[in-house]
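J.: The following block contains the structure, expressed as structure tokens.
Coordinate-derived values only; no laboratory data. What you see is a predicted model; the values in this text were computed from it and never measured. We place every Cβ from the backbone using ideal geometry, glycine too, and count neighbours over all the protein chains shown.
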Amino acid sequence: MRKKPFWKVNCPEMRKDSVVIWGAGRIGRGFVGDLFADSNFHLVFVDQSKALIDQLVKQGSYHVVRAKSESSIARMRIEDYEAYSIEQAEEIKKAFCDTDLVATAVYPQNFEQTAADLQKLILTRRAVRPDAPLDIILCTNLVHAGPKFEAFLYQ
């Protein structure tokens, strides 16, 4: 069992932050979801696959396997999440306005559509919380992903 980091100990009044994870595939649910769940974030998954979202909602939890070595394998249960298909615009809009952090776990060939979707949400969020910063983390395997995504975002 992993020891709690010092900043999580004796802080029951600590507000639970949320992260919107755009892309609920293996990377989004696996590495990205596990990373933020382990850091006490509430996860909000958004994906274009309605079947995947329906499965996540129905299950109410999922497992991630952390394998450091053959003898050190842990099965982690992740259950503090919401999951929305791309058609659930109002729910996504609310989650987006309530967060300060977005992680995209999409393939580079989906950057243009993802940026278009996020652009609308960013403008809505800015009208509601004009002074609140928003960080976007690109979880993709692409050299210079930031400038490429940014170009689509500003189109």
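J.: In what sequence do D54, D117 fall when counting other Cβ within 10 Å, fewest first?
T.: Starting with the residue having the fewest Cβ neighbours, the order is D54, D117.
J.: Around R75, with a cut-off of 12 angstrom between Cβ atoms, what is the net charge of the other residues, counting Lys and Arg +1 and Asp and Glu -1?
T.: Once positives and negatives cancel, what remains is +1.
J.: Would you mind checking the tilt of helix 50-59 against the longest principal axis of the Cα atoms of the chain, expressed as 0 to 90 degrees and rounded to 10?
T.: Tilt relative to the chain: about 30 degrees.
J.: Considering the chain as a Gaussian network with a 10 Å cut-off on Cα pairs, which listed residue, S69, S85, S49, attains the greatest mean-square fluctuation?
T.: Its mean-square fluctuation being the largest, the pick is S69.
J.: For the chain, with a Gaussian network of springs between Cα atoms less than 10 Å apart, report the residue from A83, A132, A105 with the top mean-square fluctuation.
T.: Greatest mean-square fluctuation among the candidates belongs to A132.
J.: So if we plug the beta-carbon distance of Q88 and I137 into 1/(1 + (r/R0)^6) with R0 = 25 Å, what FRET efficiency do we get, rounded to 0.05?
T.: 0.65
J.: Hey, rough spin-label estimate for R77 and N40, points 7 angstrom out along Cα→Cβ, what's it come to in nanometres?
T.: For R77 paired with N40, the spin-label model returns 2.1 nm.
J.: Points 7 angstrom from Cα along the Cβ direction at H144 and L123: gap in nanometres?
T.: 2.8 nm
J.: Given [x] 1, 7, 10, 9, 8, 7, 7, 7, 7, 7, 8, 7, 6, 4, 2, 1, 0; [y] 2, 8, 16, 19, 18, 12, 10, 7, 5, 3, 1, 0; [z] 2, 8, 17, 20, 20, 16, 10, 5, 2, 0, 0 as candidate values of P(r) over Cα pairs in 5 Å bins from 0, in percent, which corresponds to the one derived from the coordinates?
T.: [z]
J.: Tally the DSSP beta bridges in the chain and give the antiparallel ones as a percent, rounded to 5.
T.: Around 30 percent antiparallel, to the nearest 5.
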